[in-house]
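The values are calculated or read from the model by the stated rules, or taken from the named source; none is laboratory data. Every value quoted in this text rests on a predicted model; they were computed, and no experiment measured them. Heads up, the Cβs are rebuilt from the backbone with ideal geometry, glycines too, and the neighbour counts pull from every protein chain shown.
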Amino acid sequence: MLTSTTNIASILKAQREYFATSATKSLDFRLQQLKKLKFAIASKQDEILEVLKQDLGKPSLEGCFELAVLQDLSYAIKNLPRWIKPQKVKTGIDLFPSQAKIYPEPLGVVLIISPWNYPFSLLISPLIGAIAAGNCVMLKPSEIASNTSRLLTDLIRDIFPPEYIAIEEGGVEVAQELLSYKFDHIFFTGGTKVGKIVMEAAAKNLTPVTLELGGKSPCIVDREINLTETAKRITWGKFINAGQTCIAPDYLLIDKHIKTDLIKEIKQCIHAFYGDNPATTPDYGRIINERQFDRLKSLLNDGTIIIGGETNRDTKYIAPTILDDVTLDCAVMEEEIFGPILPILEYDTLDSAIELINSKPKPLALYLFSNNQEKQQKVLRETSSGGMCINETIMHVGVTELPFGGVGDSGIGAYHGKATFDTFTHYKSVLYRPFWGDLNWRYAPYQEKTIKQFKNMFTK
Ligand code: NAD
């Protein structure tokens, strides 16, 4: 759907005017809007699961992960009264008698652009923080998850007037149109390539950005580990949402001594989770569209398929697949996979695994399976990634109080819990000073004696 330029321009003008009335700033108003959003989502849970199924064949339980935004809403509603309070800070003796405070204030009119893989939660989750922080918001859902996009549009338009929260459906052309306007913040979730386009457009207006991007998240498996449990967590993290998860383990780096045994365990897990033929279970998702299907299928030309490999373009099905014998120059090791294909590399020493990770762009997530605490600390210390799990995959994203975001090529900024509120807030520093108690030494003509006193004071 194309939205006319005049329409977007007039909505943004109305949002600027509405924000200027300060209507969005009171605690009561913000709480009311969050409660309204929570009620609307809670009463549409079945429809949301249904559209996720239509777009991605998403099993209902995996759809429920997206409904966790309801928890985020409860958390924001509970904590907002505390978050919006000004914080007192100390002032120096030279400023006596005065008070200094940090005031959280909304940024203004903000833009949120989201992707298709968790199309519901990745639009709503940042929106919660933007509302909590007191902003007006323009939303752009992903056109590729079209059923979810429609539902989101209806839901938002039902409960919010466009001068407060507006939503524009559409693809690249609508996103680019939106990016041509000045916002007070842009929150983008998507691929690294588009992230650069967003940042370039934002730079023209000096607009700050949060970029939640992707990349290849490695998963190291050390020999000092319970292989059965490890295989279970890797299989789950890789194949939920048919591998279309930004923090899915992208490739495995396995200690060569346990490679054969771990592969055997993963094979058993795939069978235990999805049965003899994963194409027939309702618990396994589908690839979003033919374009992604074709891209993923071409990655199967690399290495040797040791598990899975079956595909069906008509149903956009790709079986949970493990690839062995891949090399670093294979396409599957060069681009983010973002699908149910798991390449395996083996290593001799942990140092060489770390070296490989550090030779690539900084990942969004890094996973380490090892019960050896020294090795845990070594990987923690010697690598950099947006986030990390030790003996787990994916689950760090569910810890409300852990800020979630990338570093380097995997993103800029972080959100979740209070971090989402912070993302859409400007912390304004304010000094209050009465007129009595002024120190005259700061006024010209300056005294040599005062300069000496300063020098002494600074060297103490
Ligand atoms: P994408 O970058 O193609 O699209 C994301 C959004 O940007 C969509 O709304 C799309 O309409 C818009 N867009 C696309 N091209 C554009 C352009 N040229 N100019 C302006 N806007 C444009 O990403 P996607 O394919 O929807 O999602 C997959 C990517 O997102 C993966 O790389 C994945 O790792 C990443 N991702 C990251 C996170 C995270 O939290 N870090 C979460 C989910 C997905």
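List, please: which pairs have Cβ atoms under 6 Å, are six or more places apart or on different chains, and start with a residue in the stretch 97-113 that is of a type in the set (Phe, Trp, Tyr) and end with one that is not in a strand (DSSP E or B)? Here the result reads 103/86, each pair linking the stretch 97-113 to a residue that is not in a strand (DSSP E or B). Residues of the stretch 399-447 that are of a type in the set (Lys, Arg) and either in a loop (DSSP other than H, G, I, E, B) or surrounded by fewer than 20 Cβ atoms within 10 Å (Cβ to Cβ) (or both): 428, 433, 442.
Within the stretch 264-283, can one find any residue that is in contact with a strand residue (DSSP E or B) (Cβ under 8 Å, 6 or more places away or on another chain), among the acidic types (Asp, Glu), farther than 30 Å from residue 213 by Cβ and modelled with pLDDT of 95 or more? The answer is no, given that none of the residues of the stretch 264-283 is in contact with a strand residue (DSSP E or B) (Cβ under 8 Å, 6 or more places away or on another chain), among the acidic types (Asp, Glu), farther than 30 Å from residue 213 by Cβ and modelled with pLDDT of 95 or more. If you go through the stretch 317-359 and keep only what is surrounded by 13 or more Cβ atoms within 10 Å (Cβ to Cβ), away from the ligand (no atom under 16 Å from the Cβ) and in a loop (DSSP other than H, G, I, E, B), you end up with 319, 320, 325, 326, 330. Pairs linking a residue in the stretch 224-241 that is on the phi > 0 side of the Ramachandran plot to a residue that is surrounded by 19 or more Cβ atoms within 10 Å (Cβ to Cβ) and at pLDDT 95 or above, with Cβ atoms under 7 Å and 6 or more positions apart or on different chains, are 241/56; 241/58; 241/62; 241/117; 241/285.
So that you can scan it fast, the table gives a plain yes or no per residue for (1) buried (at least 19 other Cβ atoms within 10 Å of the Cβ); (2) assigned by TED's automatic domain parsing to the domain that holds residue 398; (3) in contact with a His (Cβ under 9 Å, 6 or more places away or on another chain); (4) not hydrophobic (A, V, I, L, M, F, W, C):
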site: 76; (1), (2), (3), (4): yes, no, no, no
site: 79; (1), (2), (3), (4): no, no, no, yes
site: 87; (1), (2), (3), (4): no, no, no, yes
site: 102; (1), (2), (3), (4): no, no, no, no
site: 110; (1), (2), (3), (4): yes, no, yes, no
site: 119; (1), (2), (3), (4): yes, no, no, yes
site: 131; (1), (2), (3), (4): yes, no, no, no
site: 136; (1), (2), (3), (4): yes, no, no, no
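Just one of (1) closer than 25 Å to residue 299 by Cα; (2) touching a residue at least 60 places away in the same chain (Cβ under 8 Å) fails for residue 400. It is (1). When we screen 53, 25 for residues that are basic (Lys, Arg) and touching a residue at least 24 places away in the same chain (Cβ under 8 Å), the only hit is 25. Among helices (runs of 4 or more DSSP H) entirely within the stretch 186-279, having at least 1 residues that are within 16 Å of the ligand (Cβ to nearest atom) and assigned by TED's automatic domain parsing to the domain that holds residue 345 singles out 227-239. Inclusion of residue 127 among residues that are more than 13 Å from the ligand (Cβ to nearest atom), hydrophobic (A, V, I, L, M, F, W, C) and under 23 Å from residue 291 (Cβ atoms) is not warranted.
For the stretch 154-180, a tally of residues being away from the ligand (no atom under 13 Å from the Cβ) and not in a strand (DSSP E or B) returns 11. Could you tell me which residue of the stretch 360-395 is surrounded by the fewest Cβ atoms within 10 Å (Cβ to Cβ), considering only residues that are within 16 Å of the ligand (Cβ to nearest atom) and polar (S, T, N, Q)? Ranking the qualifying residues of the stretch 360-395, first place goes to 384. Residues that are buried (at least 19 other Cβ atoms within 10 Å of the Cβ) and of a type in the set (Gly, Ala, Ser) within the stretch 202-229 comprise 202, 214, 215, 217, listed in sequence order. Is it the case that residue 191 is crowded, with 19+ Cβ neighbours inside 10 Å and within 30 Å of residue 395 (Cα to Cα)? Spelling it out, it is not the case that residue 191 is crowded, with 19+ Cβ neighbours inside 10 Å and within 30 Å of residue 395 (Cα to Cα).
Each residue in the stretch 248-281 was checked for being surrounded by fewer than 18 Cβ atoms within 10 Å (Cβ to Cβ) and either basic (Lys, Arg) or touching a Lys or Arg at 6+ places or on another chain (Cβ under 9 Å) (or both), and 6 pass.
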